[in-house]
1. Name the residues in the stretch B:361-379 that are in contact with a Gly (Cβ under 9 Å, 6 or more places away or on another chain) and either at the interface with another protein chain (Cβ under 8 Å from one of its Cβ atoms) or not in a loop (DSSP other than H, G, I, E, B) (or both), would you?
2. Read through the list (1) of a type in the set (A, V, I, L, M, F, W, C); (2) within 14 Å of chain A (Cβ to nearest Cβ); (3) crowded, with 18+ Cβ neighbours inside 10 Å, then give the number of the only condition that B:Val400 fails.
3. Checking B:Pro193 against (1) surrounded by fewer than 13 Cβ atoms within 10 Å (Cβ to Cβ); (2) touching a Pro at 6+ places or on another chain (Cβ under 7 Å): exactly one of these is not met. Which one?
4. Select from the stretch A:63-87 the residues that are farther than 17 Å from A:Ala15 by Cβ and surrounded by 22 or more Cβ atoms within 10 Å (Cβ to Cβ) and list them in ascending order.
5. Would you mind listing the helices (runs of 4 or more DSSP H) fully within the stretch A:11-75 where at least 3 residues are away from every other protein chain (no Cβ under 12 Å) and either closer than 18 Å to A:Tyr99 by Cα or of a type in the set (Val, Ile, Thr) (or both)?
6. Which pairs have Cβ atoms under 7 Å, sit 6 or more apart or on different chains, and link a residue in the stretch A:82-111 that is closer than 16 Å to B:Pro315 by Cα to one that is modelled with pLDDT under 85 and assigned to a loop (DSSP other than H, G, I, E, B)?
7. Since B:Glu387 meets every condition but one in (1) within 60 Å of the chain's Cα centre (by Cα); (2) without any contact (Cβ under 8 Å) to a residue 40 or more places away in the chain; (3) under 29 Å from B:Val453 (Cα atoms), which condition does it not meet?
8. Could you tell me how many of the residues in the stretch B:173-190 are modelled with pLDDT under 80 and either among the basic types (Lys, Arg) or surrounded by fewer than 13 Cβ atoms within 10 Å (Cβ to Cβ) (or both)?
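The values are calculated or read from the model by the stated rules, or taken from the named source; none is laboratory data. None of these values were measured; they are calculated from a predicted model. No Cβ is skipped: glycine too gets one built from the backbone with ideal geometry, and neighbour counts run over all protein chains shown.
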Amino acid sequence: MKVRVLVVDDDTALAEMIGIVLKGEGIEAVFCADGDSALGMFRTHQPDLVLLDLMLPGKDGVQVCREIRAESGVPIIMLTAKSDTLDVVVGLESGADDYVSKPFKPKELVARIKARLRRSEDPGPERLVVGDVEIDVTGHTVTRGGERIALTPLEFDLLVALARKPWQVFTREVLLERVWGYRHSADTRLVNVHVQRLRSKIERDPENPEIVLTVRGVGYKAGTTR
Amino acid sequence: MPHGLVTRLRRVISRARVVAVRSTRRGAAQWRASLQLRVVTTALAIGLAAITVLGLYLSTSVRDGIYDQRLAAIDREAAALTDQVAQNFSETATASDGDLQQLLLDTITTLGATSGSTADEYFLLHELGSSSQVADFASRADLKDLLITSELRAANVASDEDQVLQAVGIPAAGDSGAVFPGVIVGSTVQATPDARYEIYYLYSLEPEQETLSFVHRVLLAGGFGMLALLGVVTWTMARQTVTPVTRAATVAERLAEGHLSERMPGARGTDEMASLARSFNEMAESLQDQIRRMEELSAMQRRFVSDVSHELRTPLTTIRMASEIIHESRHQMDEDAARSAELLLGQIDRFESLLSDLLEISRFDAGAAVLDAERRDLRDLVMSVVEQAAPLAEKKDVRVSVRLPDADAAADFDPRRIERILRNLVVNAIEHAEERPVEVTVAENDRAVAVVVRDYGVGMTKQEVEHVFDRFWRADPARARTTGGSGLGLAIALEDAHLHAGRLDAWGRPGQGASFRLTLPRSAGVQVEEPPVTLAPASHEPGVLTGQIPVVNQAAGPTPTAIPDLSEPCDAEGRATPAATDVEVH
């Protein structure tokens, strides 16, 4: 099945260029030039991934990101001209999985898209337990006491990466490589923000996490199974 | 023993002198420092002089007045008494010495009882030079010989009918030894036709003396009172004047420290002080206004740079993607078009790095740079940077050696920024090394870690060293640029070092190479005073390759095994090169 990507960017030249690059990779691109129609386009085309510019006419990228995230766990990659701390963090907190700063290289963009589209190869039936949370890796579901917890694919991957080796402490760099597919050290804020988002969904009390624990000065590890 | 005493005495004296000098100095310092003290002291000194002169004049006048009056009264009284005695004598006939004796005794007694006489004692003496069987009479015999001197008597006799006045001191009764002032008035009287008698009256001036003492006491008290009043008045007035000045000074100081909204109180009113406060506040207002305008202008410029950089990013992304697509299909083009595609891509890389450097600088200028510090070992970072630079070193045929300390060089720093600095220094060194070795040395002490990157290439002049951290400054404009680089690299590196409260120092000499030293505090934000390694090396020849790990692109030679002790070379290096061009940028 052909992969479809929704490109939300008001710069038509850039959007078209992205389309050309993606076509070369066998990916179909749909375009949307403003924030107001982005959600409609998303519903119509049901893309596998969204490339979202943060600065848009009409609704801004952060708002669009929140709306899409509210109804779907589809991977969202922000395109940002500002690598300033605040903009990136606000974008990530609004639900984006990853970001690419302009000016980016085509290969970089494609690598980021592929990393987010990569479905973990079928490992056979696998069930993991962290604390009082059960993870059905094959079925892509997380439950607590039979009640389902909705996670985005990225949050799910993050949780699975930690839960598979509960004895191991993962540094942010290792998690960036495992979950985001970065080869070189990148922005560790990605990890911080998504751990916060994950905690807000699976922890009983996000202030006192029991599932994803922070190991000061090192990184994160899964909580002990009771 | 005397020797010991002398020594001790000398010591005591010298100590006293030290104390005296010290307190004098302290006093002098206070005198210079306090306007109020000066005003009060001066006023008191002038007041004291004036009151002293006035007091002396007053007391002299009062004394003269009292005494003159009293003396005139005494003179009149004595004359009257003498007349009375003379009349008494002339009315009484004296036949014998016995009668005369009786008459003289009666006269003395009468005189003592006479109303209107204020004389204390009376003396009747037969005339000097005459002989008489009749004894002299004195109301107090002990005073006769003491007070009535022969000179006085001679003068009295010589003056004939006139009275003689003589000031004397009257010893008080008893053995107290006190002496009161007094006056003796002498005259002569014809007792019998052939016998003249000298008569003397002794007047005590004790009451006048007491009055005068009382007046003196009053004057003294009044003088002191005036002086105290003067002191209080000048102190208060000086205070009223000095306080606003002090306040103005304090406010000015606060302004100088950058608290631009500081203002002087007491601007409402019509007096000079209020006018001072108003002028001062107006000045501060205009100063604040100017600075605010300058700040706004500068912020606008910074925002402009930042905005331009941002706005350029989107089209640049499109251009980059397009050029890469073109570049990938260059094999299907003719030679010129293919080469153009290569040039295009290369220049876009350069453009992009320039843009990102510009953005980074504008972030520093806007104060928006954030330190994301974590505890890391500088040795690891240096190793990683040197390894990354290996391909470039190989291409340039430059040997890069690294010397690491045994002790850990852990510190709180932002690895992204420090890696950027190190990469910049190492790449710069390799590019300017001219195929001579590059040495990277890491050192540490309790408070700081440091890395020195040294090359033996073209080097820099003193002027070049001074400008090496300037924006867009290039060591040699004529020199063909073989690699990219925005000209902002070292400026950013310096900003990055400052962000860590660290230092970045440069050293260079033409033909002998250059040296850059990055010093970082172990704990974030602590100021480093003494870097753990010297910047300027003693030797201008590359060190012998012993024990450096690792050696990138190593020349043929003995394989290093031993790890050198860095603490010694640190001390040995540099100290002996006073002529070195050594600029430290903080």
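1. Residues of the stretch B:361-379 in contact with a Gly (Cβ under 9 Å, 6 or more places away or on another chain): B:371, B:373-375.
Within the stretch B:361-379, B:Glu374, B:Arg375 qualify.
2. (2)
3. Result: B:Pro193 passes all but (2).
4. Step one: list which residues in the stretch A:63-87 are farther than 17 Å from A:Ala15 by Cβ, which gives A:63, A:65-75, A:82-87.
Within the stretch A:63-87, A:Cys65, A:Ile68, A:Pro75 meet the criteria.
5. Values: elements: A:12-24, A:38-45, A:61-71.
In the stretch A:11-75, A:61-71 are the helices (runs of 4 or more DSSP H) which contain 3 or more residues that are away from every other protein chain (no Cβ under 12 Å) and either closer than 18 Å to A:Tyr99 by Cα or of a type in the set (Val, Ile, Thr) (or both).
6. Once the first residue is closer than 16 Å to B:Pro315 by Cα and sits in the stretch A:82-111, its partners that are modelled with pLDDT under 85 and assigned to a loop (DSSP other than H, G, I, E, B) give A:Ser101/A:Ser83; A:Lys102/A:Ala81.
7. That leaves (2) as the condition not met.
8. The number of residues fulfilling the criteria is 6.
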